[in-house]
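A.B. asks: This structure is in structure tokens; I'll ask about it shortly.
The values are calculated or read from the model by the stated rules, or taken from the named source; none is laboratory data. Keep in mind that this is a model prediction, so the values were computed, not measured. In this analysis, Cβ positions are derived from the backbone assuming ideal geometry, glycine residues included, and neighbour counts consider all displayed protein chains. For accessibility, only protein heavy atoms count, side chains too; no ligands or nucleic acids. Shrake-Rupley method; radii C 1.70, N 1.55, O 1.52, S 1.80 Å.
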Amino acid sequence: MNHDACIEAMNDLIKINNDRVEGYKKAIDELKDDEHFDLKTVFSGMVTESQQYKTELQNKIHEYGGSTEEGTTTSGKLYRAWMDVRSAFAVNDRASILSACEAGEDAAQKAYKSAIEDEDVMEETKVLLRQQKQSLRDSHDKVKALRDKAKA
């Protein structure tokens, strides 16, 4: 069994979930209460979701005898996608904010897909990753639906 490959993949996903938490916390901070209360509620749920996934990943890493990493990705597509969220707030346009959040969700989906497709990641780990990916997909679809409604 290749615990090292699993640990590495899960640590990458921990960073991605940290990116997601930071992105949505930034979104919550930047949104005006009166205009976007519903989005604050949705985004708060997504912060909680990623914090839960991070804990699940950390527990699995510890089960495999590994150590977990902290922080966020400092390069790569997901980090850049969440930086776009920040620029979307400059115009405070609901559709732009949601489009930027959707880009971050797309990047998270790709990261999970890559980890699941990694031949060195054990099937036991992939079961957890598939569950998290599906839930994140549901969140992606919620953001996309809100964005489409905002554009209408």
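A.B. asks: For a quick protection proxy, order the peptides 3-11, 111-119, 139-147 by their average other-Cβ count within 10 Å, most packed first. Let's see the in-between values first.
C.D. replies: Numbers: 3-11: 19.6, 111-119: 15.9, 139-147: 17.4.
The packing order, highest mean first, is 3-11, 139-147, 111-119.
A.B. asks: Quick one: if you stick a label point 7 Å off each Cα along the C-beta vector at Arg137 and Glu119, how many nm between them?
C.D. replies: Label at Arg137, label at Glu119, 2.4 nm between them.
A.B. asks: On to the next question. Counting only the heavy atoms of the protein chains, how much of Thr41 is accessible to a 1.4 Å probe, in Å² to the nearest 10?
C.D. replies: Spelled out: Thr41, probe radius 1.4 Å, area about 80 Å².
A.B. asks: Sticking with this structure for a sec: How large is ³J(HN,Hα) for each residue in the range 48-59, as worked out from phi by the Karplus curve 6.51 cos²θ - 1.76 cosθ + 1.60 (θ = phi - 60°), to whole Hz, x for Gly and Pro?
C.D. replies: For the range 48-59, the Karplus-derived couplings read 4, 4, 5, 5, 5, 5, 4, 4, 4, 5, 4, 4 Hz, x marking Gly and Pro.
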